[in-house]
Amino acid sequence: MDERQAAAERICARLTAAGYRALFAGGCVRDVLLGVPPKDFDIATNARPEDVQALFEKTIPVGAAFGVVRVRVPEGEFEVATFRHDGPYLDGRRPSHVTFTDAKSDALRRDFTINALFYDPFSDEVIDYVGGQRDLEAGVIRTVGDPRQRFEEDYLRLLRAVRFAARLDYCIEENTMAAIQALAQNIERTSPERIADELLKMLTEGNAERAFQLLDETGMLNVVLPEVAGMKGVEQPAGFHPEGDVFTHTLLALRHLDHPTPALALGVLLHDVGKPVTQTFEDRIRFHCHAKVGAEMARDICKRLRLANCTTERVAWLVEQHMRVADIPDMRESRRKRFVREDGFSELLDLCRIDCLASHGDLSTIQWIEEYIRTLEPETVRPEPLLTGHDLIAMGYTPGPWFKEILDAVEDAQLEGEVRTPEEACTMVRQHWPCE
Ligand code: ATP
Ligand code: MG
């Protein structure tokens, strides 16, 4: 058994011994029934937060007002939440207050039937107040209760429905789907951070292609990522892109994501985001500077989603550079080495492999680059500098902006293998930049 599951069972045992009811709740029950390892084991109990805090040595009252206490044991931290019923959602995000109740009303406040199951580790019983087991077997995402009302309480559930349907490859029950389509526009009333969190989960948890298809079918894509919706119907030259328009290509690319970093996943999603606005019809369809334009758009999108700066910059870089990779075999050695040693190059190569797989399928350039990198001597990629600014001063040069120019030229020559020693470097510098 998963050691975290055993630890969660011990927490339940401690609560039960103290006279409380304690059950596994929500996502972990769903995942255990599906035979997939849960991300977390959450526990629901009739013990009040103060009772939970009294019973365990290390606790963190993360949301005591909402009945949530984190219990820390050597195996990790576990959320122990008091059975509760949510009051009205005044801000569409968080209940105005909660009332502590019993397991049944706690099930009824949860979003989807498959997420509203409990499991009693001692009797080995699944406790199902909402028909969650039936939906789990049939592969259905269905809200607990009236879909419209449940989405109106918290519009994030619109995205969660799509995420779970994609990740589990389930269908969305008809009334639930109709409510999502009717309310799609309201997703904009959710905070960008929460939206970003859901989108990143969709992109990295598997089946991102279906997630984006569903975002489109539900009408939410146009609201959360209009730039991606804008790829639809944008034709491309069939020779390079036999698969179809830019949106079709992008969805196909998402299919090839395999446990990607968030930056790679976003890079793949947005690599051609500049195409719709740069499309021209000349001798053939062209997209002048789409990578550069797309990088700016990707940066704006990431900022809008309030992503961390490092992710934003990496995504923008991946989009901006993705067309340069094909030129690598023809580059001068120094330029090539400078490129492959950049942070993020392996993500860029992954992106370009996916780009090829989702279009013409020809991986020969990617394989050439992989072979090139395999045979590179690491010390020739980032060699010790042959000269420094101090050496130039010692040679009689006055410090100034050209120091960078000179040192870069020396490094280029070194990367090309034309200059190997400090003496050769001095000679080269004296030849090209005579001292006044
Ligand atoms: P994951 O595997 O992605 O963590 P999960 O089902 O565990 O999926 P969480 O976001 O961790 O999802 O939430 C835990 C549980 O809390 C859910 O299973 C669900 O019962 C409930 N829940 C979470 N978010 C909401 C929400 N916005 N509205 C209603 N119930 C929710
Ligand atoms: Mg969870």
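Laboratory data are not the source of any read-out in this text; all were calculated from the coordinates shown. Worth saying up front: this structure is predicted, and the values here are computed from it rather than measured. Cβ sites come from the backbone with ideal geometry, for glycine too, and all protein chains shown count toward neighbours.
What is the P(r) of region 1-138, as percent of Cα-Cα pairs per 5 Å bin from 0?
Cα pair-distance distribution for region 1-138, in percent: 2, 11, 20, 24, 21, 15, 6, 2, 0.
Given the convex hull over the Cα atoms of region 384-432, what projected area results after averaging over all orientations, in nm²?
Mean orientational projected area (region 384-432, Cα hull): 3.0 nm².
Quick check for me: using +1 on Lys/Arg Cβ and -1 on Asp/Glu Cβ, what's the dipole size of region 239-290 about its Cα centre, in debye to the nearest 20?
My answer is approximately 60 debye.
Quick one: how many lysine pairs does the chain have with C-alpha atoms less than 28 Å apart and a gap of 8 or more or different chains? Give me the count, please.
Step by step, the pairs that qualify in the chain add up to 17.
What length, rounded to one decimal in nm, is gained on full extension from Met395 through to Thr421, with 0.36 nm per residue of separation minus their alpha-carbon distance?
7.8 nm
Computed FRET efficiency, Cβ-Cβ of Glu217 and Ala18, R0 56 Å: what is it to the nearest 0.05?
FRET efficiency, Glu217 to Ala18: 0.70.
With the contact rule set at Cα under 8 Å and sequence spacing of 6 or more, what percent relative contact order holds for the chain?
8 percent
Give the residue from Pro192, Ala208, Phe164 lying farthest towards the positive end of the charge dipole for region 145-224; charges sit on Cβ (+1 for Lys and Arg, -1 for Asp and Glu) and the dipole is referred to the Cα centre.
Pro192
How large is the dipole of region 25-120 about the Cα centre if only Lys and Arg carry +1 and Asp and Glu carry -1, each at its Cβ, rounded to the nearest 20 debye?
The calculated dipole for region 25-120 is roughly 220 debye.
One-quarter of the Cα convex hull surface for region 234-382, in nm²?
One quarter of the hull surface, i.e. the mean projection, equals 9.3 nm².
Using the per-residue mean of other Cβ atoms lying within 10 Å as a proxy for protection, in what order, highest first, do the peptides 304-316, 269-281 fall?
Descending mean neighbour count gives 269-281, 304-316.
In whole Hz and in residue order, list the ³J(HN,Hα) couplings for region 188-205 that follow from phi through the Karplus curve 6.51 cos²θ - 1.76 cosθ + 1.60, θ = phi - 60°; x for Gly and Pro.
5, 7, 8, 5, x, 4, 5, 4, 4, 4, 5, 4, 5, 5, 4, 6, 10, 8
What is the packing order of peptides 51-57, 170-176, taking the mean over residues of other C-beta atoms within 10 Å and listing the highest first?
So the peptides 51-57, 170-176, ranked by packing, come out 170-176, 51-57.
Using +1 at the C-beta of Lys and Arg and -1 at the C-beta of Asp and Glu, which of Ala13, Phe66, Met220 has the Cα lying farthest in the positive direction of the dipole of the chain?
Phe66
Let's test this: bin the Cα-Cα distances of the chain at 10 Å from zero up to the farthest pair and state each bin's percent.
Result, from short to long distances: 4, 17, 22, 20, 15, 11, 7, 3, 0, 0 percent.
Please determine, in degrees from 0 to 90 and to the nearest 10, the orientation of helix 3-17 with respect to the longest principal axis defined by the Cα atoms of the chain, where the helix direction is its Cα long axis.
Taking Cα atoms only, the helix is inclined about 30 degrees.
For the pair Ala6/Ala54, report the inter-label distance in nm, with labels modelled 7 Å from Cα in the Cβ direction.
In this crude spin-label approximation the distance works out to 3.1 nm.
Multiply the residue gap between Gln181 and Lys104 by 0.36 nm, knock off their C-alpha separation, and tell me the result in nm, one decimal place.
So the chain would gain 24.8 nm between Gln181 and Lys104.
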